[in-house]
(Lines give C-alpha, C1' and ligand atoms only; values in the text may rest on other atoms or scores of the structure.)
Protein backbone atom coordinates (compact mmCIF):
# COMPACT_ATOMS: atom_id res chain seq x y z
CA UNK A 1 0.00 0.00 0.00
CA UNK A 2 1.05 3.63 -0.51
CA UNK A 3 1.43 5.66 2.64
CA UNK A 4 -0.74 8.64 1.65
CA UNK A 5 -2.18 10.96 4.29
CA UNK A 6 -5.06 12.38 2.21
CA UNK A 7 -7.51 10.62 -0.18
CA UNK A 8 -6.25 10.56 -3.73
CA UNK A 9 -7.52 9.24 -6.98
CA UNK A 10 -5.66 6.27 -8.46
CA UNK A 11 -4.83 8.41 -11.48
CA UNK A 12 -3.07 10.82 -9.16
CA UNK A 13 -0.72 8.07 -8.04
CA UNK A 14 0.12 7.39 -11.65
CA UNK A 15 0.86 11.06 -12.32
CA UNK A 16 2.83 12.35 -9.35
CA UNK A 17 5.15 14.76 -11.21
CA UNK A 18 8.26 13.18 -9.80
CA UNK A 19 6.87 12.70 -6.29
CA UNK A 20 7.34 9.32 -4.60
CA UNK A 21 5.21 7.68 -1.93
CA UNK A 22 6.34 5.37 0.82
CA UNK A 23 5.12 1.79 0.47
CA UNK A 24 3.93 0.01 3.60
CA UNK A 25 2.55 -3.45 4.31
CA UNK A 26 -1.14 -4.24 3.90
CA UNK A 27 -3.08 -2.80 6.83
CA UNK A 28 -6.35 -4.71 6.62
CA UNK A 29 -5.34 -8.35 6.32
CA UNK A 30 -5.84 -10.78 3.43
CA UNK A 31 -8.45 -13.09 2.00
CA UNK A 32 -7.38 -16.54 0.75
CA UNK A 33 -8.78 -18.86 -1.87
CA UNK A 34 -10.16 -21.90 -0.02
CA UNK A 35 -11.25 -23.85 -3.09
CA UNK A 36 -8.82 -26.70 -2.38
CA UNK A 37 -7.04 -25.75 0.86
CA UNK A 38 -8.81 -24.78 4.10
CA UNK A 39 -5.66 -23.85 6.01
CA UNK A 40 -1.99 -23.81 5.03
CA UNK A 41 1.07 -22.58 6.88
CA UNK A 42 1.34 -19.46 4.65
CA UNK A 43 -2.35 -18.60 5.06
CA UNK A 44 -2.20 -19.23 8.82
CA UNK A 45 0.85 -17.00 9.36
CA UNK A 46 0.25 -14.62 6.42
CA UNK A 47 3.46 -15.47 4.53
CA UNK A 48 2.50 -13.18 1.69
CA UNK A 49 3.56 -9.78 0.33
CA UNK A 50 6.69 -8.76 2.28
CA UNK A 51 6.84 -12.27 3.81
CA UNK A 52 6.34 -14.20 0.59
CA UNK A 53 10.02 -15.17 0.63
CA UNK A 54 9.30 -17.29 3.73
CA UNK A 55 7.76 -19.99 1.53
CA UNK A 56 10.81 -20.18 -0.74
CA UNK A 57 13.12 -20.18 2.27
CA UNK A 58 11.24 -23.09 3.79
CA UNK A 59 11.56 -25.10 0.57
CA UNK A 60 15.29 -24.30 0.32
CA UNK A 61 15.93 -25.28 3.96
CA UNK A 62 14.06 -28.57 3.48
CA UNK A 63 16.13 -29.41 0.38
CA UNK A 64 19.32 -28.52 2.26
CA UNK A 65 18.27 -30.82 5.09
CA UNK A 66 17.72 -33.69 2.67
CA UNK A 67 21.14 -33.19 1.05
CA UNK A 68 23.04 -32.86 4.34
CA UNK A 69 21.13 -35.77 5.85
CA UNK A 70 22.10 -37.99 2.92
CA UNK A 71 25.73 -37.02 3.41
CA UNK A 72 25.77 -37.68 7.16
CA UNK A 73 23.46 -40.65 7.70
CA UNK A 74 24.67 -42.59 4.67
CA UNK A 75 28.14 -42.76 6.15
CA UNK A 76 26.81 -43.38 9.65
CA UNK A 77 24.84 -46.37 8.33
CA UNK A 78 28.11 -47.98 7.22
CA UNK A 79 30.08 -46.98 10.31
CA UNK A 80 27.70 -47.53 13.27
CA UNK A 81 25.11 -49.81 11.64
CA UNK A 82 21.86 -49.74 9.69
CA UNK A 83 19.64 -50.34 12.71
CA UNK A 84 20.67 -47.39 14.94
CA UNK A 85 20.63 -45.03 11.95
CA UNK A 86 17.11 -46.13 11.04
CA UNK A 87 15.73 -45.43 14.53
CA UNK A 88 17.69 -42.19 14.87
CA UNK A 89 16.39 -40.87 11.56
CA UNK A 90 12.87 -42.09 12.29
CA UNK A 91 12.88 -40.20 15.59
CA UNK A 92 14.20 -37.04 13.89
CA UNK A 93 11.54 -37.35 11.20
CA UNK A 94 8.67 -37.63 13.67
CA UNK A 95 10.09 -35.05 16.08
CA UNK A 96 10.98 -32.47 13.44
CA UNK A 97 7.68 -32.63 11.55
CA UNK A 98 5.57 -32.56 14.74
CA UNK A 99 7.50 -29.61 16.19
CA UNK A 100 7.12 -27.68 12.94
CA UNK A 101 3.34 -27.88 13.32
CA UNK A 102 3.46 -25.91 16.57
CA UNK A 103 6.22 -23.44 15.70
CA UNK A 104 5.00 -21.80 12.50
CA UNK A 105 4.51 -18.55 14.45
CA UNK A 106 8.22 -18.60 15.41
CA UNK A 107 9.72 -18.69 11.95
CA UNK A 108 13.37 -19.43 12.78
CA UNK A 109 12.31 -22.33 15.01
CA UNK A 110 9.98 -23.56 12.27
CA UNK A 111 12.93 -23.61 9.85
CA UNK A 112 15.05 -25.61 12.32
CA UNK A 113 12.25 -28.15 12.77
CA UNK A 114 11.75 -28.39 9.01
CA UNK A 115 15.48 -28.93 8.56
CA UNK A 116 15.55 -31.74 11.15
CA UNK A 117 12.48 -33.42 9.66
CA UNK A 118 13.96 -33.31 6.16
CA UNK A 119 17.42 -34.58 7.12
CA UNK A 120 16.21 -38.06 7.80
CA UNK A 121 13.80 -38.63 4.91
CA UNK A 122 16.11 -40.58 2.58
CA UNK A 123 18.04 -42.45 5.27
CA UNK A 124 14.86 -43.75 6.91
CA UNK A 125 14.02 -45.35 3.55
CA UNK A 126 17.52 -46.64 2.72
CA UNK A 127 18.46 -48.27 6.03
CA UNK A 128 15.69 -50.91 6.17
CA UNK A 129 16.15 -51.59 2.44
CA UNK A 130 19.86 -52.23 3.00
CA UNK A 131 19.08 -54.66 5.82
CA UNK A 132 16.48 -56.46 3.75
CA UNK A 133 18.82 -56.82 0.78
CA UNK A 134 21.62 -58.11 3.01
CA UNK A 135 19.52 -60.92 4.49
CA UNK A 136 17.88 -61.99 1.22
CA UNK A 137 18.81 -64.70 -1.25
CA UNK A 138 20.10 -63.38 -4.61
CA UNK A 139 16.92 -64.32 -6.45
CA UNK A 140 14.71 -62.53 -3.89
CA UNK A 141 16.43 -59.14 -3.86
CA UNK A 142 14.37 -57.81 -6.77
CA UNK A 143 11.14 -58.91 -5.08
CA UNK A 144 12.11 -57.23 -1.81
CA UNK A 145 13.03 -53.96 -3.53
CA UNK A 146 9.74 -54.06 -5.42
CA UNK A 147 7.81 -54.41 -2.15
CA UNK A 148 9.54 -51.40 -0.64
CA UNK A 149 9.04 -49.31 -3.78
CA UNK A 150 5.37 -50.32 -3.83
CA UNK A 151 5.10 -49.22 -0.21
CA UNK A 152 6.61 -45.86 -1.13
CA UNK A 153 4.22 -45.52 -4.08
CA UNK A 154 1.18 -46.35 -1.95
CA UNK A 155 2.33 -43.72 0.53
CA UNK A 156 2.62 -40.91 -1.99
CA UNK A 157 -0.65 -42.01 -3.61
CA UNK A 158 -2.58 -41.90 -0.32
CA UNK A 159 -0.93 -38.63 0.72
CA UNK A 160 -2.88 -36.30 -1.63
CA UNK A 161 -6.14 -38.02 -0.67
CA UNK A 162 -5.41 -37.27 3.00
CA UNK A 163 -4.61 -33.67 2.07
CA UNK A 164 -7.84 -33.41 0.11
CA UNK A 165 -9.91 -34.91 2.93
CA UNK A 166 -8.43 -32.71 5.67
CA UNK A 167 -7.63 -29.47 3.85
CA UNK A 168 -5.79 -28.43 7.02
CA UNK A 169 -1.99 -28.53 7.01
CA UNK A 170 -1.75 -29.22 10.77
CA UNK A 171 -4.03 -32.27 10.64
CA UNK A 172 -2.32 -33.42 7.46
CA UNK A 173 1.17 -33.20 9.02
CA UNK A 174 0.12 -35.10 12.15
CA UNK A 175 -1.81 -37.80 10.30
CA UNK A 176 1.10 -38.48 7.90
CA UNK A 177 3.81 -38.29 10.60
CA UNK A 178 2.63 -39.91 13.83
CA UNK A 179 2.14 -43.45 12.40
CA UNK A 180 5.91 -43.57 11.78
CA UNK A 181 6.44 -43.30 15.53
CA UNK A 182 4.91 -46.76 15.99
CA UNK A 183 8.14 -48.34 14.73
CA UNK A 184 10.05 -46.77 17.62
CA UNK A 185 8.27 -49.23 19.92
CA UNK A 186 9.20 -52.40 17.99
CA UNK A 187 12.97 -52.05 18.15
CA UNK A 188 13.54 -55.56 19.49
CA UNK A 189 11.87 -57.02 16.38
CA UNK A 190 14.12 -55.04 14.04
CA UNK A 191 17.46 -56.87 13.60
CA UNK A 192 20.80 -55.44 12.57
CA UNK A 193 22.20 -56.59 9.25
CA UNK A 194 24.27 -59.76 9.84
CA UNK A 195 26.39 -58.91 6.79
CA UNK A 196 27.28 -55.55 8.29
CA UNK A 197 28.03 -57.14 11.67
CA UNK A 198 30.32 -59.70 10.06
CA UNK A 199 32.11 -57.06 7.98
CA UNK A 200 32.80 -55.07 11.18
CA UNK A 201 34.14 -58.10 13.04
CA UNK A 202 31.15 -58.39 15.43
CA UNK A 203 30.96 -62.18 15.21
CA UNK A 204 28.98 -62.88 18.39
CA UNK A 205 26.22 -60.41 17.53
CA UNK A 206 26.15 -61.65 13.94
CA UNK A 207 25.77 -65.26 15.01
CA UNK A 208 22.98 -64.30 17.42
CA UNK A 209 21.05 -62.56 14.61
CA UNK A 210 21.57 -65.54 12.29
CA UNK A 211 20.34 -67.95 14.96
CA UNK A 212 17.21 -65.84 15.39
CA UNK A 213 16.57 -65.81 11.63
CA UNK A 214 17.14 -69.56 11.42
CA UNK A 215 14.71 -70.14 14.28
CA UNK A 216 12.00 -68.07 12.60
CA UNK A 217 12.58 -69.97 9.34
CA UNK A 218 12.49 -73.34 11.09
CA UNK A 219 16.06 -74.22 10.08
CA UNK A 220 19.48 -74.39 11.71
CA UNK A 221 22.86 -72.86 10.95
CA UNK A 222 25.56 -74.94 9.23
CA UNK A 223 28.23 -76.30 11.61
CA UNK A 224 30.94 -74.18 10.02
CA UNK A 225 29.03 -70.90 10.38
CA UNK A 226 31.33 -69.42 12.99
CA UNK A 227 34.43 -70.34 11.01
CA UNK A 228 33.01 -68.59 7.95
CA UNK A 229 32.17 -65.53 10.03
CA UNK A 230 35.72 -65.39 11.35
CA UNK A 231 37.03 -65.54 7.81
CA UNK A 232 34.81 -62.62 6.83
CA UNK A 233 35.88 -60.70 9.94
CA UNK A 234 39.53 -61.24 9.06
CA UNK A 235 38.92 -59.25 5.87
CA UNK A 236 37.78 -56.23 7.86
CA UNK A 237 38.81 -53.01 6.14
CA UNK A 238 39.24 -49.45 7.31
CA UNK A 239 36.33 -47.18 6.48
CA UNK A 240 37.11 -43.76 4.99
CA UNK A 241 33.59 -42.57 4.26
CA UNK A 242 32.98 -41.15 0.80
CA UNK A 243 36.65 -41.54 -0.08
CA UNK A 244 36.24 -45.33 0.05
CA UNK A 245 33.94 -45.12 -2.99
CA UNK A 246 36.95 -44.06 -5.06
CA UNK A 247 39.49 -46.47 -3.59
CA UNK A 248 39.83 -48.40 -6.88
CA UNK A 249 39.28 -47.59 -10.54
CA UNK A 250 36.37 -50.02 -10.99
CA UNK A 251 34.53 -48.91 -7.87
CA UNK A 252 35.08 -45.23 -8.78
CA UNK A 253 33.78 -45.88 -12.30
CA UNK A 254 30.67 -47.61 -10.96
CA UNK A 255 30.12 -44.79 -8.45
CA UNK A 256 30.25 -42.15 -11.18
CA UNK A 257 27.95 -44.12 -13.51
CA UNK A 258 25.40 -44.92 -10.79
CA UNK A 259 25.37 -41.32 -9.55
CA UNK A 260 24.97 -39.95 -13.09
CA UNK A 261 22.09 -42.35 -13.82
CA UNK A 262 20.42 -41.42 -10.52
CA UNK A 263 20.72 -37.71 -11.35
CA UNK A 264 19.09 -38.25 -14.76
CA UNK A 265 16.24 -40.31 -13.32
CA UNK A 266 15.79 -38.01 -10.34
CA UNK A 267 15.72 -34.81 -12.36
CA UNK A 268 13.26 -36.34 -14.81
CA UNK A 269 11.07 -37.60 -11.95
CA UNK A 270 10.99 -34.21 -10.20
CA UNK A 271 10.30 -32.38 -13.48
CA UNK A 272 7.34 -34.62 -14.32
CA UNK A 273 5.92 -34.36 -10.81
CA UNK A 274 6.31 -30.58 -10.65
CA UNK A 275 4.50 -30.36 -13.97
CA UNK A 276 1.32 -31.36 -12.08
CA UNK A 277 0.94 -27.74 -10.94
CA UNK A 278 0.47 -26.68 -14.55
CA UNK A 279 -2.40 -29.09 -15.14
CA UNK A 280 -5.99 -27.94 -14.76
CA UNK A 281 -8.49 -29.48 -12.36
CA UNK A 282 -8.19 -30.92 -8.87
CA UNK A 283 -4.50 -30.74 -7.81
CA UNK A 284 -4.94 -33.61 -5.36
CA UNK A 285 -6.35 -35.97 -8.01
CA UNK A 286 -3.72 -34.90 -10.53
CA UNK A 287 -1.00 -35.84 -8.06
CA UNK A 288 -2.82 -39.06 -7.16
CA UNK A 289 -3.03 -40.35 -10.76
CA UNK A 290 0.59 -39.46 -11.50
CA UNK A 291 1.62 -41.41 -8.39
CA UNK A 292 -0.57 -44.43 -9.10
CA UNK A 293 1.19 -45.09 -12.41
CA UNK A 294 4.26 -46.03 -10.34
CA UNK A 295 2.52 -49.17 -9.07
CA UNK A 296 2.59 -51.03 -12.42
CA UNK A 297 5.97 -49.42 -13.14
CA UNK A 298 7.56 -51.11 -10.12
CA UNK A 299 5.96 -54.47 -10.91
CA UNK A 300 7.02 -54.37 -14.56
CA UNK A 301 10.51 -53.24 -13.52
CA UNK A 302 10.88 -56.20 -11.20
CA UNK A 303 9.60 -58.67 -13.79
CA UNK A 304 11.82 -57.46 -16.62
CA UNK A 305 14.96 -56.98 -14.52
CA UNK A 306 14.66 -60.51 -13.13
CA UNK A 307 14.26 -61.89 -16.64
CA UNK A 308 16.66 -59.82 -18.74
CA UNK A 309 19.00 -58.37 -16.14
CA UNK A 310 19.28 -54.97 -14.52
CA UNK A 311 21.33 -52.99 -17.01
CA UNK A 312 19.61 -54.16 -20.22
CA UNK A 313 16.17 -53.54 -18.74
CA UNK A 314 17.27 -50.08 -17.71
CA UNK A 315 18.85 -49.34 -21.09
CA UNK A 316 15.72 -50.53 -22.90
CA UNK A 317 13.54 -48.38 -20.66
CA UNK A 318 15.62 -45.28 -21.40
CA UNK A 319 15.28 -46.02 -25.14
CA UNK A 320 11.50 -46.35 -24.74
CA UNK A 321 11.54 -43.06 -22.82
CA UNK A 322 13.34 -41.34 -25.70
CA UNK A 323 10.75 -42.64 -28.17
CA UNK A 324 7.98 -41.30 -25.94
CA UNK A 325 9.64 -37.87 -25.82
CA UNK A 326 9.96 -37.80 -29.61
CA UNK A 327 6.23 -38.44 -29.95
CA UNK A 328 5.53 -35.75 -27.34
CA UNK A 329 7.66 -33.20 -29.15
CA UNK A 330 5.85 -34.00 -32.42
CA UNK A 331 2.27 -33.69 -31.13
CA UNK A 332 2.36 -31.28 -28.16
CA UNK A 333 1.38 -28.23 -30.20
CA UNK A 334 -1.52 -29.97 -31.91
CA UNK A 335 -4.71 -29.37 -29.86
CA UNK A 336 -6.37 -32.34 -31.55
CA UNK A 337 -3.70 -34.67 -30.14
CA UNK A 338 -4.12 -33.67 -26.50
CA UNK A 339 -5.09 -37.22 -25.57
CA UNK A 340 -1.81 -38.52 -27.00
CA UNK A 341 0.15 -35.83 -25.18
CA UNK A 342 -1.33 -36.86 -21.84
CA UNK A 343 -0.78 -40.53 -22.63
CA UNK A 344 2.90 -39.93 -23.41
CA UNK A 345 3.44 -37.92 -20.22
CA UNK A 346 1.99 -40.81 -18.19
CA UNK A 347 4.13 -43.25 -20.19
CA UNK A 348 7.24 -41.17 -19.39
CA UNK A 349 6.39 -41.35 -15.67
CA UNK A 350 5.90 -45.10 -16.02
CA UNK A 351 9.35 -45.50 -17.64
CA UNK A 352 11.18 -43.34 -15.12
CA UNK A 353 9.63 -45.39 -12.30
CA UNK A 354 11.28 -48.50 -13.78
CA UNK A 355 14.68 -46.80 -14.05
CA UNK A 356 14.42 -45.59 -10.45
CA UNK A 357 13.53 -49.08 -9.25
CA UNK A 358 16.56 -50.57 -11.01
CA UNK A 359 18.90 -47.86 -9.67
CA UNK A 360 17.94 -48.80 -6.11
CA UNK A 361 18.68 -52.42 -6.95
CA UNK A 362 22.04 -51.59 -8.50
CA UNK A 363 23.11 -49.44 -5.57
CA UNK A 364 22.40 -52.26 -3.14
CA UNK A 365 23.98 -54.94 -5.34
CA UNK A 366 27.08 -53.19 -6.73
CA UNK A 367 28.40 -51.45 -3.63
CA UNK A 368 30.14 -53.69 -1.07
CA UNK A 369 28.71 -54.09 2.42
CA UNK A 370 31.21 -51.69 4.01
CA UNK A 371 30.07 -48.73 1.84
CA UNK A 372 26.65 -49.84 0.62
CA UNK A 373 24.65 -47.14 2.35
CA UNK A 374 27.30 -44.49 1.76
CA UNK A 375 27.24 -45.11 -1.99
CA UNK A 376 23.46 -45.09 -2.12
CA UNK A 377 23.34 -41.86 -0.13
CA UNK A 378 25.87 -40.17 -2.40
CA UNK A 379 23.79 -40.97 -5.48
CA UNK A 380 20.62 -39.84 -3.71
CA UNK A 381 22.34 -36.66 -2.54
CA UNK A 382 23.36 -35.71 -6.06
CA UNK A 383 19.93 -36.58 -7.43
CA UNK A 384 18.17 -34.48 -4.77
CA UNK A 385 20.61 -31.59 -5.09
CA UNK A 386 20.35 -31.31 -8.87
CA UNK A 387 16.60 -31.87 -8.63
CA UNK A 388 16.33 -28.11 -7.99
CA UNK A 389 16.88 -27.66 -11.74
CA UNK A 390 13.45 -29.18 -12.38
CA UNK A 391 11.50 -25.90 -11.97
CA UNK A 392 13.87 -24.14 -14.35
CA UNK A 393 13.38 -26.83 -17.00
CA UNK A 394 9.63 -26.36 -16.69
CA UNK A 395 10.11 -22.60 -16.89
CA UNK A 396 11.72 -22.98 -20.32
CA UNK A 397 8.50 -24.57 -21.55
CA UNK A 398 6.36 -21.81 -20.03
CA UNK A 399 8.45 -18.83 -21.14
CA UNK A 400 9.99 -19.96 -24.45
CA UNK A 401 8.60 -23.10 -26.07
CA UNK A 402 6.46 -25.89 -24.66
CA UNK A 403 8.65 -28.60 -26.24
CA UNK A 404 11.96 -27.41 -24.74
CA UNK A 405 11.67 -29.35 -21.47
CA UNK A 406 11.08 -32.62 -23.34
CA UNK A 407 13.99 -32.00 -25.68
CA UNK A 408 16.24 -31.61 -22.63
CA UNK A 409 14.79 -34.71 -20.98
CA UNK A 410 15.26 -36.72 -24.21
CA UNK A 411 18.94 -35.77 -24.38
CA UNK A 412 19.35 -36.72 -20.72
CA UNK A 413 17.69 -40.10 -21.38
CA UNK A 414 20.19 -40.70 -24.19
CA UNK A 415 23.03 -40.18 -21.74
CA UNK A 416 21.19 -42.53 -19.37
CA UNK A 417 21.43 -45.31 -21.96
CA UNK A 418 25.18 -44.75 -22.31
CA UNK A 419 25.83 -44.66 -18.58
CA UNK A 420 23.79 -47.71 -17.56
CA UNK A 421 25.14 -50.18 -20.17
CA UNK A 422 28.65 -49.85 -18.74
CA UNK A 423 27.59 -50.91 -15.25
CA UNK A 424 28.14 -54.57 -14.27
CA UNK A 425 25.19 -56.95 -14.31
CA UNK A 426 24.10 -57.88 -10.78
CA UNK A 427 21.20 -60.27 -11.33
CA UNK A 428 21.60 -63.37 -9.10
CA UNK A 429 25.16 -62.38 -8.18
CA UNK A 430 26.54 -62.62 -4.67
CA UNK A 431 26.75 -59.24 -2.97
CA UNK A 432 30.34 -57.94 -2.71
CA UNK A 433 31.47 -57.80 0.91
CA UNK A 434 34.72 -55.82 0.81
CA UNK A 435 36.38 -53.09 -1.20
CA UNK A 436 38.58 -55.79 -2.69
CA UNK A 437 35.46 -57.62 -3.90
CA UNK A 438 34.15 -54.39 -5.44
CA UNK A 439 37.45 -53.92 -7.25
CA UNK A 440 36.92 -57.15 -9.20
CA UNK A 441 33.10 -57.29 -9.27
CA UNK A 442 31.93 -57.79 -12.85
CA UNK A 443 35.40 -57.79 -14.41
CA UNK A 444 34.82 -61.27 -15.90
CA UNK A 445 31.49 -60.34 -17.51
CA UNK A 446 31.09 -60.01 -21.25
CA UNK A 447 29.32 -56.94 -22.60
CA UNK A 448 26.46 -58.79 -24.33
CA UNK A 449 25.66 -61.09 -21.42
CA UNK A 450 23.17 -61.12 -18.61
CA UNK A 451 23.01 -63.30 -15.51
CA UNK A 452 19.57 -64.85 -15.60
CA UNK A 453 20.29 -68.24 -14.06
CA UNK A 454 19.63 -68.67 -10.34
CA UNK A 455 22.77 -70.79 -10.17
CA UNK A 456 24.81 -67.78 -11.30
CA UNK A 457 25.54 -69.22 -14.72
CA UNK A 458 25.93 -66.85 -17.61
CA UNK A 459 23.16 -66.82 -20.20
CA UNK A 460 23.91 -65.06 -23.44
CA UNK A 461 21.08 -62.87 -24.69
CA UNK A 462 22.35 -62.47 -28.26
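There is no residue in segment 338-353 that is surrounded by 24 or more Cβ atoms within 10 Å (Cβ to Cβ), farther than 16 Å from residue 294 by Cβ and in contact (Cβ under 8 Å) with a residue 12 or more places away in the chain. The one condition from (1) within 19 Å of residue 138 (Cα to Cα); (2) surrounded by fewer than 18 Cβ atoms within 10 Å (Cβ to Cβ); (3) in contact with a helix residue (DSSP H, G or I) (Cβ under 9 Å, 6 or more places away or on another chain); (4) at pLDDT below 80 that residue 430 does not meet is (4).
Just to check your reading of the model, which residue among 264, 299 is out of contact with any helix residue (DSSP H, G or I) (no Cβ under 6 Å at 6 or more places or on another chain) and at pLDDT 90 or above? Let's see the steps before the verdict.
Numbers: 264 fails: out of contact with any helix residue (DSSP H, G or I) (no Cβ under 6 Å at 6 or more places or on another chain).
Just one listed residue meets the conditions, 299.
Cβ-Cβ contacts under 6 Å between residues 6 or more apart (or on different chains), taken from a first residue in segment 166-181 that is touching a residue at least 12 places away in the same chain (Cβ under 8 Å) to a second residue that is surrounded by fewer than 15 Cβ atoms within 10 Å (Cβ to Cβ) and assigned to a helix (DSSP H, G or I), are listed as 175/162. Tell me, yes or no, whether segment 319-338 has at least one residue that is assigned to a helix (DSSP H, G or I), closer than 16 Å to residue 410 by Cα, at pLDDT 90 or above and within 20 Å of the chain's Cα centre (by Cα). Yes: segment 319-338 contains one or more residues that are assigned to a helix (DSSP H, G or I), closer than 16 Å to residue 410 by Cα, at pLDDT 90 or above and within 20 Å of the chain's Cα centre (by Cα). The residue pairs whose first member lies in segment 191-205 and is more than 16 Å from residue 434 (Cβ to Cβ), whose second member is part of a loop (DSSP other than H, G, I, E, B), and whose beta carbons are closer than 6 Å, counting only pairs six or more residues apart or on different chains, are 192/81.
Checking the structure you have, find out if any residue of segment 96-104 is out of contact with any strand residue (DSSP E or B) (no Cβ under 6 Å at 6 or more places or on another chain) and within 30 Å of residue 302 (Cβ to Cβ).
The answer is no, given that none of the residues of segment 96-104 is out of contact with any strand residue (DSSP E or B) (no Cβ under 6 Å at 6 or more places or on another chain) and within 30 Å of residue 302 (Cβ to Cβ).
Here no helices (runs of 4 or more DSSP H) wholly within segment 38-151 include at least 1 residues being at positive phi and free of Cβ contacts under 8 Å to residues at least 24 places away in the same chain.
Counting the residues of segment 1-32 that are at pLDDT below 60, touching a strand residue (DSSP E or B) at 6+ places or on another chain (Cβ under 9 Å) and in a loop (DSSP other than H, G, I, E, B) gives 1. Restricting the search to helices (runs of 4 or more DSSP H) fully inside segment 364-423 and requiring at least 3 residues that are modelled with pLDDT under 85, touching a helix residue (DSSP H, G or I) at 6+ places or on another chain (Cβ under 8 Å) and closer than 30 Å to residue 246 by Cα gives 372-386.
All conditions but one from (1) over 15 Å from residue 125 (Cα atoms); (2) out of contact with any helix residue (DSSP H, G or I) (no Cβ under 6 Å at 6 or more places or on another chain) apply to residue 97; the one that does not is (2).
Each residue in segment 226-242 was checked for being closer than 22 Å to residue 76 by Cβ and at pLDDT 85 or above, and 0 pass. Of the residues making up segment 152-169, at least one is closer than 30 Å to residue 33 by Cα, out of contact with any helix residue (DSSP H, G or I) (no Cβ under 7 Å at 6 or more places or on another chain), modelled with pLDDT under 90 and surrounded by fewer than 18 Cβ atoms within 10 Å (Cβ to Cβ). Residues in segment 282-294 that are part of a helix (DSSP H, G or I) and over 11 Å from residue 349 (Cα atoms): 283, 284, 285, 286, 287, 288.
The values are calculated or read from the model by the stated rules, or taken from the named source; none is laboratory data. Everything numeric in this text was worked out from a predicted model, so none of it was measured. Neighbour counts run over all protein chains shown; Cβ positions are idealised from the backbone, glycine included.
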